[in-house]
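The values are calculated or read from the model by the stated rules, or taken from the named source; none is laboratory data. Not measured: the values here are computed from a predicted model. A quick note on method: Cβ atoms are made from the backbone with ideal geometry, for glycine too, and the neighbour counts reach across all protein chains shown.
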Amino acid sequence: MIEFKNVSKKFQDSYILKNFNLKIEEGSKTLIYGKSGIGKTTIIRLLLGFIKPDEGEIYYNNQRLNSKNIWEVRRITAYIGQNIEIANGTVLEIIKSILKLKVNENIFFDQQKLIELFNFFELDKTVFEKEYESLSGGEKQRVLIATFIFLNKKIYLLDEVTSSLDREMKLKVINYFLDKKEWTIISISHDQEWLSAPGINVIKMEGQKVGNH
Amino acid sequence: METTDISSFSLIMAFFMLLYPIILSYLFNLKIIKDSIISVIRMSVQLFIMSLILSYFFQINNIWINIGWIIFMIIFASFRIIQASKLNTKNFIMPVFFALAISNLFVLFYFNYIILRLDNVFEARYFIVIGGMLLGNALTGNIIGISNFYKDIQRNKERYLFYLGNGATVYEAAMPYFRNALISALRPTIASMATIGIVYLPGMMTGQILGGASPQTAIKYQIAIMLAILLTVSLSVTLTIVFTIKSSFDECGIIKENIFKEKQ
């Protein structure tokens, strides 16, 4: 589904990513693991077309990623970045603004289902009326996770989405994602819970050398 | 009723009013003496030249000269907007020019033809003077609007990318910034409408009353011109953003770095 072939990316003359190779099959679950500042986030940004590789190619369904199919990739993707300060307003307003996007126009706003998802991640109903900004980091992460699970996308690009959650909640989130057979998951995380999750492909990044475990 | 003219002597007396601000600046070391004097000189020279130009235009009253002058003012305003917003002139000059031209000429014709019902909408006394007034307001509105729009997206790039990465189009992802830009551009006009008449009489109205018009006529003009200003500002800011958006983002929807004049 997605393939990185010898991809390199420079930032101010030094390589943040060098000859990086990665193959993602549909429905696979991949963890990109490693210290901060070694280009993990760069992989997601490249995949979403936020930046372009300096060398090498990225393929989506055997087609080189370009300014046409990048929009297709974004349409089938749920992207939760490290920066979760994504909007102002109440939680419900933000969810509605996401649902209002043309890409989500066929998704029926089944509030009951959303409430169930929120409950599953231990967010009670009152959270909908709260100002998103006033929530804690962990609550924001769970709001976004639940919302994007509700949207039922094909690809999930998750950048440190469990960093502020307690261990029990981390496991709950990880298991939810791993259990969804049809979803393609690419997760970036420091968390041990992801590393030890059963059946996950771990890509360990160590500086510029990249090993496939 | 004729307006009392100001004689040369009286004008010199007017400049005496500068004395206190200058002394103040000197005493408290405000370091604005030079700036104030330059500004006063500029204002005087510009207005003096303007008076010559205007009397010439009123005398000739040629449609093409009037249109040419308005277009000259629009070009000047376009450069000023881009410069003040610290944006790249090359990318922005054409779209900003067309946005200003369309919105100003449209409102100007509406005002002169539909509201004032002039036989000759190009009549210099109305066309140039009202056109200039609308343009002046569009200028301030656009400086606020367009620079807010692009700076906001740049400053909140991660938010913008969040929506883009989740399948939003450029227009959808930029919508919150568009909304904010419009609000901040329109706020000064809306705020001044609310206080007009109570605290101060706007320049145009004051001028008309001094010029001998009845207060009833003056307020009708003022109401109409305020509404025309509101329309011009909102229309021109909308068009400026819509016209510049296409060339300011690349094919992947990412804001181009080179649209800013200098590194942010």
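A few comments on the model shown:
- All positions within segment A:48-58 that are more than 9 Å from every other protein chain (Cβ to nearest Cβ) and either under 19 Å from the mean Cα position of the chain (by Cα) or of a type in the set (D, E, K, R) (or both): A:D54, A:E55, A:E57, A:I58
- Looking only at segment B:20-44, and only at residues there that are of a type in the set (F, W, Y) and assigned to a helix (DSSP H, G or I), the one that is nearest to B:S8 (Cα to Cα): B:Y20
- Residues of segment A:31-82 satisfying the condition of being under 18 Å from A:K154 (Cα atoms), aliphatic (A, V, I, L, M) and in contact with a Gly (Cβ under 8 Å, 6 or more places away or on another chain): A:I44, A:L48, A:L65, A:I70, A:V73, A:I76
- Note on segment A:120-158: residues that are in contact (Cβ under 8 Å) with a residue 60 or more places away in the chain and among the charged types (D, E, K, R) amount to 2.
- Scoring B:L118 on the criteria (1) outside any helix (DSSP H, G or I); (2) in contact (Cβ under 8 Å) with a residue 40 or more places away in the chain leaves a single failure, condition (2).
- Check on A:R74, more than 13 Å from A:Y132 (Cβ to Cβ), basic (K, R) and crowded, with 19+ Cβ neighbours inside 10 Å: yes
- Any chance B:L227 is away from chain A (no Cβ under 14 Å), buried (at least 16 other Cβ atoms within 10 Å of the Cβ) and not β-branched (V, I, T): no
- Filtered by the rule that a residue be at pLDDT below 95 and either more than 15 Å from B:Y150 (Cα to Cα) or in contact with a Pro (Cβ under 9 Å, 6 or more places away or on another chain) (or both), segment B:78-92 gives B:R80, B:K90.
- Among the conditions (1) at pLDDT below 90; (2) loosely packed, with under 12 Cβ neighbours inside 10 Å, the only one that B:Q59 does not satisfy is (1).
- Only a single item in (1) away from chain B (no Cβ under 14 Å); (2) farther than 23 Å from A:I174 by Cα is not met by A:K113, and it is number (2).
- Selection of segment A:109-161 for residues being among the hydroxyl-bearing types (S, T, Y) and buried (at least 16 other Cβ atoms within 10 Å of the Cβ) yields A:Y132, A:T147, A:Y156.
- Selection status of A:F118, closer than 15 Å to A:F148 by Cα and either in contact with a Lys or Arg (Cβ under 8 Å, 6 or more places away or on another chain) or within 12 Å of chain B (Cβ to nearest Cβ) (or both): yes
- Residues (more than 8 Å from every other protein chain (Cβ to nearest Cβ) and either within 19 Å of the chain's Cα centre (by Cα) or in a strand (DSSP E or B) (or both)) located in segment A:83-96: A:I84, A:T90, A:I94, A:I95
- Qualifying residue in segment A:97-108 (condition: free of Cβ contacts under 8 Å to residues at least 12 places away in the same chain, more than 8 Å from chain B (Cβ to nearest Cβ), of a type in the set (S, T, Y) and surrounded by 15 or more Cβ atoms within 10 Å (Cβ to Cβ)): yes
- For B:A181, the conditions (1) within 14 Å of chain A (Cβ to nearest Cβ); (2) buried (at least 18 other Cβ atoms within 10 Å of the Cβ) are fulfilled apart from (1).
- Close Cβ contacts (under 6 Å, 6 or more residues apart or on different chains) running from residues in segment B:141-161 that are within 14 Å of chain A (Cβ to nearest Cβ) to residues that are among the small types (G, A, S) comprise B:Y160/B:A173.
- When segment A:59-70 is limited to residues that are within 12 Å of another protein chain (Cβ to nearest Cβ) and crowded, with 19+ Cβ neighbours inside 10 Å, the one that is nearest to A:V7 (Cα to Cα) turns out to be A:L65.
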